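Note sheet for the following structure.
The values are calculated or read from the model by the stated rules, or taken from the named source; none is laboratory data. Since the model is a prediction, treat every value here as computed from it, not as a measurement. Neighbour counts run over all protein chains shown; Cβ positions are idealised from the backbone, glycine included. Surface accessibility is based on the protein's heavy atoms, side chains included, excluding ligands, DNA and RNA. Shrake-Rupley method; radii C 1.70, N 1.55, O 1.52, S 1.80 Å.
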Amino acid sequence: QVQLVESGGGLVQAGGSLRLSCAVSGSIFSINAMGWYRQAPGNQRELVATITSGGSTNYADSVKGRFTISRDNAKNTLYLQMNSLKPEDTNVYYCNAGGVRLRGMVPVSFDYWGQGTQVTVSS
């Protein structure tokens, strides 16, 4: 099994910063793409940023220049540095990871989500 555990959410004033972390654990053989997504109640989950195993990044237009995604492959950990936060960034943020895990001795693909962490930005 693979587990994703997020941390770092909270309440911050507009203009402030938060750093989210997502630790991936389990019988992991390799992790390919990782990403952060967010979802408000009643809305669809939307992409915030993704990063490949080689470090290539992609951002939603709404966060470009304010958010930075990064990963520590040695620690199997994903980060999201969020600066200049706005009230409209208020959401539950989810991390996602896909790759290959070991089921016994057999490599199988995986795609898992974290449990989500609340980010609230007050005006």
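Once the other residues with Cβ under 15 Å from the Cβ of residue 77 are scored (Lys, Arg +1; Asp, Glu -1), what is the net sum?
On the way: positive: 19, 71, 75; negative: 6, 72.
Around residue 77, the charge tally is +1.
Among 18, 80, 102, the residue with the largest mean-square fluctuation in a Gaussian network model of the chain, with springs joining Cα atoms closer than 10 Å, is 102. When the surface is traced with a 1.4 Å probe over the full set of protein chains, residue 29 keeps roughly 140 Å² accessible.
Once the Cβ-Cβ distance between residue 53 and residue 27 is put in as r, and R0 is 25 Å, what FRET efficiency do you end up with, to the nearest 0.05? Walk me through the numbers on the way to the answer.
On the way: r = 18 Å, r/R0 = 0.71.
Calculated value: 0.90.
Computed over the Cα atoms of the chain, what is the convex hull's projected area averaged over all directions, in nm²? Can you show the working numbers first?
Details: hull surface 29.4 nm².
Mean projected area of the Cα convex hull: 7.4 nm².
When only the Cβ of Lys, Arg, Asp and Glu is charged (+1, +1, -1, -1), the dipole of the chain relative to its Cα centre reaches about 180 debye.
Each Lys or Arg adds one and each Asp or Glu takes one away; over the other residues whose Cβ falls under 15 Å from the Cβ of residue 15, this sums to 0.
Please list 105, 82 in order of solvent-accessible area, largest first, computed with a 1.4 Å probe with all protein chains present.
Values: 105 175, 82 0 Å².
Listed by decreasing accessible area, they come as 105, 82.
Shape summary: segment 3-43 maps onto an equivalent ellipsoid whose semi-axes, from the alpha-carbon gyration tensor, are 26, 14, 10 Å in decreasing order. A simple spin-label model places pseudo-atoms 7 Å from Cα toward Cβ; at residue 74 and residue 39 they are separated by 3.5 nm.
If you take all other residues with their beta carbon under 15 Å from the beta carbon of residue 50, and give Lys and Arg +1 and Asp and Glu -1, the sum is +1.
Since only 79, 110, 123 are under comparison, the one whose Cα sits farthest along the positive direction of the charge dipole of segment 53-123, derived from C-beta charges on Lys, Arg, Asp and Glu, is 110.
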